[in-house]
């Protein structure tokens, strides 16, 4: 990509990745910032920290306020919102599929997964749900899913997750500028784009 | 207080409470929102969750990015910043002292403590540091500290912390509107003031 770029690291189970995914392209385009859409898995990172579940489930007060905060944010952004059940959703199939797509097809598929999960309450661990989303975007679902579930693509997702860790990522969404500057959270998206736009 | 109000819950050891404390009065005044400055202790809340330290120390990647984020925020807000050592600071004396002051003296003392701690790297657990801050604001330091360390005031701080927990508070800074709506984090301050201003 010519010009400033920003890596957008997202996890399909992550609540705050939903509003970030829905607005990042517009914000980046306004500032001439190119995006790399980089799905990864938080599960292995959490497990390496000794966590077996998200803090939003482990800490009830924190979880309750996160859901309320997300209601307020999605209402403000004009996004539909339904709390997924179960939460967190198993996100590995969606992440593998997003990664298996061409770079220019990944953003639209990513938004479709988040809209299905957090807007309609669909089960993104369900192969049929992912297949329908692929088909709706003109992809051959079975071919894409076969590529997503190949050993090579599984390894590629593991490698992506390691790249995220090496970049300092510990949560999602995260944004990493070309100079390595890391911003965590949907509420830091504007700052991250300002940083990338100013420093190229 | 007549008109809309907002409870400002802060912990003197909390990094993000620093920028919040330094800007909340201006933002609230602009919208006609009255503030209740409510110091409390996060330590007992963390310990009840089974934590013996802040996640910023337990999780190195999260901690590193928090410090970087705080550098960016304080630079943006034009606030001096020095990382306290040790971190977190023992905050109980500062919290007791803030609580022992009259309501109209608490905001200025609170800001002075944060400025000393995060702007100058002073030890806020040091009785002499707190005494000097009190004296600089025209308080009789020894009288105030004696009141701060009275059994009655210690109990009052414990009760405050329980009120915070009952309001759903699990981190600092937090903002609670008169209708119970809870906002967590310096980055939710504007939303909290909007909420209070709109709903009275």
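With both partners inside the protein assembly as shown, how many of the DSSP beta bridges are antiparallel, as a percent to the nearest 5?
The answer is about 55 percent antiparallel.
If we count other beta carbons within 10 Å of each Cβ, what is the order of A:69, B:140, B:194, fewest first?
Least to most surrounded, the residues fall as B:140, B:194, A:69.
Equivalent-ellipsoid semi-axes (√(5λ), Cα gyration tensor) for the protein assembly as shown, whole Å, largest first?
Result for the protein assembly as shown: semi-axes of 43, 21, 20 Å.
If you put a point 7 Å past Cα along the Cβ direction, how far is that point for residue A:132 from the same point in each other copy, in nm, smallest first?
6.7
Take peptide B:61-69, look around each residue's Cβ out to 10 angstrom, count Cβ atoms belonging to other protein chains, and average those counts.
5
Label-to-label distances across copies for residue B:198, with labels 7 Å out along Cα→Cβ, in nm, shortest first?
When each copy's label point is compared with this one, the spacings are 3.0 nm.
Mind listing the label-point distances from residue B:155 to the same position on all other copies, shortest first, one decimal in nm, points 7 Å along Cα→Cβ?
6.8
At q = 0.16, 0.18 Å⁻¹, what log₁₀ I(q)/I(0) does segment B:1-132 have when each alpha carbon counts as one equal point scatterer in the Debye sum?
Scattering profile of segment B:1-132, log10 relative to I(0): -0.86, -1.07.
Take peptides A:38-47, A:24-33, B:77-86 and line them up by average Cβ neighbours within 10 Å, highest first, as a rough protection proxy.
A:38-47, A:24-33, B:77-86
Looking only at B:64, B:112, B:100, which one moves most when chain B is put into a Gaussian network model with springs between Cα atoms under 10 Å?
So, out of B:64, B:112, B:100, the one fluctuating most is B:64.
With contacts defined as alpha carbon pairs under 8 Å and 6 or more residues apart, what's the relative contact order of chain B in percent?
33 percent
Averaged across the residues of A:71-79, what count of C-beta atoms belonging to other chains lies within 10 Å of each residue's C-beta? Before the final figure, lay out each step's value.
On the way: counts 0, 5, 2, 0, 0, 1, 0, 0, 0.
Per-residue shielding by partner chains comes out at 1.
In what sequence do B:66, B:22 fall when counting other Cβ within 10 Å, fewest first?
B:66, B:22
Per-residue Cβ counts within 10 Å, from other chains only, averaged over A:49-59: what number is that?
Taking all residues of A:49-59 together, the mean is 2.
Select the chain B residue whose beta carbon lies nearest to the rotation axis carrying chain B onto chain A, and write the distance in whole Å.
So the closest residue, with its distance, comes out as B:187, 2.
So for segment A:5-199: antiparallel DSSP bridges make up what percent, rounded to the nearest 5?
Counting DSSP beta bridges with both partners in segment A:5-199, the antiparallel share is about 55 percent.
All of the numbers you see were taken from the coordinates with simple rules; none came from a lab. As the structure is a prediction and not an experimental result, all values here were calculated from the model. Ideal geometry is used to build each Cβ from the backbone, glycine not excepted, and the neighbour counts take in all protein chains shown.
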